[in-house]
Amino acid sequence: MPILFRNLVQIGSWSFELNHSIFPNFSLRSISSLSNAGNESTFTYSYLVKSCGLSPDSAHSAAQKLNLKDSLNSDLVLTFFRDQGFTKMQIKTIVCKSPALLAAKPSTTLKPKFEFLRRLGLSRSCVAKIVSGDPSILRRSVASHMVSSIAFLRTILHTDENIISALKRSTRILVYRPDKIMPPNIEVLTSHSVPLSNIAKLVKLQPGVLMGEPSRLNGIVLKLKDMGFAPLRMMFIRALRVSMTINKLNWEKKLEAFRSLGWSDDEILAAIRVEPFCMANSEKKIRKVMEYFVKEWGFEPSAVSKRPIVLALSLEKRIVPRCSVLQVLQSKGLIKSSLSLFPILELNEKKFLEKFIIKYKEEAPEILKHMSG
């Protein structure tokens, strides 16, 4: 019976005997490689925590996608981001979302993309905001991806200023290929007589609407036409922007919320035609605002349905403070109690301050407290 060759192998605090007759291909070099891999993994985790500011859980997750042997290149990457004006939080966000970027070459991989974005007219702070919001932009080629994407957008939006506006609203236009994805969706809209000028405004305001499935877009267009929206008008685009962001289930839930608050189906439809974005509010927001007007001010639900824009206003920051100011002014006889509330709530900040704060701050200085609080 042959004598079994044994070696005592130690890795960290573990030790065991390696039987070469049982594991003929398992050498001491293999054990050494495993040990080195473990050390690299530990180093990666430590680097992510100490140098990048990640939490232990985030570092553990990021370390699964990255294996640093040393800090030389990753230090250069962090320095590059800092030199580009990124904050610590933005750098931390980038590393969390895309840890593999720590292995990128700053001069050849990252720098050309930043130069391209800056040439569009984006400020350093804007580039930092866009990139930290979606670091996958930095994995796209300038020559084969970004250039063609921007060239296509320029045929629709015409100016870099408009392209920047679109990019700020959705980074998907640089992450994906608008020149490949948008044309079928544009064809859907033109087939329903939506003017190209209105399509351009849609791309500028919400380019993601044209980055989905053409079949879904067509279905929503048909639904909006059935609701009475005319494709030739900009209100159609406004309704489209809202409808594309809400799935069928949530749409029905919001309709049910309006019904439960006293709106008839005809009133709901009329409200959506006046202000489609009333459907963009959460069910909770809809209920809170409606209950405030009905319970605190005695409005009938149908009265609110005629001014649906107020549902989009902040209850805490706009509606309640302004209503408090109006109550004070009415109690002092400075304004008529017959003034219509909703148009006052819809005034922009500057006009409201001029008409109801600055004008009466001497006679009713306490109104300043309501606006600041």
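The values are calculated or read from the model by the stated rules, or taken from the named source; none is laboratory data. Predicted, not measured: the structure shown is a model, and the values here were computed from it. Cβ: placed from backbone, ideal geometry, glycine included. Neighbour counts: every protein chain shown. Ligands, DNA and RNA are stripped out before the accessible areas are found, and what is left, the full protein with its side chains, is counted by its heavy atoms. Shrake-Rupley method; radii C 1.70, N 1.55, O 1.52, S 1.80 Å.
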* Asked: Among R241, R216, R172, which is open to solvent by 40 Å² or more (accessible area, probe 1.4 Å) and either within 30 Å of V294 (Cβ to Cβ) or at pLDDT 95 or above (or both)?
  -> R216
* Asked: Of L232, L222, which residue is over 30 Å from S123 (Cβ atoms), outside any loop (DSSP other than H, G, I, E, B), out of contact with any helix residue (DSSP H, G or I) (no Cβ under 7 Å at 6 or more places or on another chain) and open to solvent by 20 Å² or more (accessible area, probe 1.4 Å)?
  -> L222
* **Looking only at the range 300-317, and only at residues there that are part of a loop (DSSP other than H, G, I, E, B) and in contact (Cβ under 8 Å) with a residue 24 or more places away in the chain, the one that is farthest from L269 (Cα to Cα)** => L313
* **Residue among I268, I272 that is surrounded by 14 or more Cβ atoms within 10 Å (Cβ to Cβ), touching a residue at least 40 places away in the same chain (Cβ under 8 Å) and in a helix (DSSP H, G or I)** => I272
* Within the range 129-150, restricting attention to residues that are open to solvent by 20 Å² or more (accessible area, probe 1.4 Å), touching a residue at least 12 places away in the same chain (Cβ under 8 Å) and of a type in the set (G, A, S), which residue is nearest to T87 (Cα to Cα)? -> G133
* Quick one: would you say K369 is over 17 Å from R307 (Cβ atoms) and at pLDDT 90 or above? -> no
* Structure fact -> Picked from the range 334-373 (must be touching a residue at least 24 places away in the same chain (Cβ under 8 Å) and of a type in the set (G, A, S)), the residue least open to solvent (accessible area, probe 1.4 Å) is A364
* Determine, yes or no, whether F116 is within 25 Å of E161 (Cα to Cα), under 25 Å from the mean Cα position of the chain (by Cα) and crowded, with 21+ Cβ neighbours inside 10 Å. => no
